[in-house]
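The values are calculated or read from the model by the stated rules, or taken from the named source; none is laboratory data. Please read all numbers here as calculations on a predicted model, not as lab measurements. Quick reminder, even Gly has a Cβ in these numbers, built from the backbone with ideal geometry, and neighbours come from all protein chains shown.
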């Protein structure tokens, strides 16, 4: 991963705390990591956590010092990974909706993108969510399936975000296939 540039998108799912471990592993492996957080994600894990782990500022604003941060970020990365990928971001991806920095970045990014869904098992099983996942696959997104187990809502079922080690391994597998 040495020198590869990655974007990690963090959405507003409780599994966002696991993404901190993923970012740490990627940086330790030599990747340059830029974290893009949705506003909802900032209520679960503070941007300062990801800034400390990545050594880079966290991007949260659609408009800031640059009027086109989504384009600049899209052109700077070899791979984009969204972890956790909530039902909300999956719907945006499936519909081509860009209403915040992460969703517009996903539209502007032309490289490989990996999605790590995480949500309550009832949400994961909904036909609409499954249609959105299928559409994302059809559109070329790589999906790392959620696992089964204890969920933060106190129930058990399928919907747990893949573990950071599994996401890391998938990224490591994808990178050699990307011209760099």
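A few comments on the model shown:
- When every residue of the range 19-32 is checked against the conditions, none turns out to be surrounded by fewer than 20 Cβ atoms within 10 Å (Cβ to Cβ), more than 25 Å from residue 174 (Cα to Cα) and more than 15 Å from the chain's Cα centre (by Cα).
- Cβ pairs under 8 Å, 6+ apart, first in the range 55-74 and at positive phi and at pLDDT 70 or above, second surrounded by 14 or more Cβ atoms within 10 Å (Cβ to Cβ) and not in a loop (DSSP other than H, G, I, E, B): 55/27
- Matching residues, the range 79-98, being farther than 10 Å from residue 38 by Cβ and in a loop (DSSP other than H, G, I, E, B): 96, 97, 98
- Candidate set: the range 126-142, residues that are free of Cβ contacts under 8 Å to residues at least 40 places away in the same chain and either touching a helix residue (DSSP H, G or I) at 6+ places or on another chain (Cβ under 7 Å) or within 27 Å of residue 174 (Cβ to Cβ) (or both); chosen: the one surrounded by the most Cβ atoms within 10 Å (Cβ to Cβ): 142
- With respect to the conditions (1) free of Cβ contacts under 8 Å to residues at least 60 places away in the same chain; (2) on the phi < 0 side of the Ramachandran plot; (3) not in a helix (DSSP H, G or I), residue 30 lacks only one, and its number is (2).
- Any hit, the range 158-168, residues being surrounded by fewer than 20 Cβ atoms within 10 Å (Cβ to Cβ), more than 16 Å from the chain's Cα centre (by Cα) and either farther than 18 Å from residue 15 by Cα or at pLDDT below 95 (or both): yes
- Test for residue 54: is it surrounded by fewer than 20 Cβ atoms within 10 Å (Cβ to Cβ) and under 16 Å from the mean Cα position of the chain (by Cα): no
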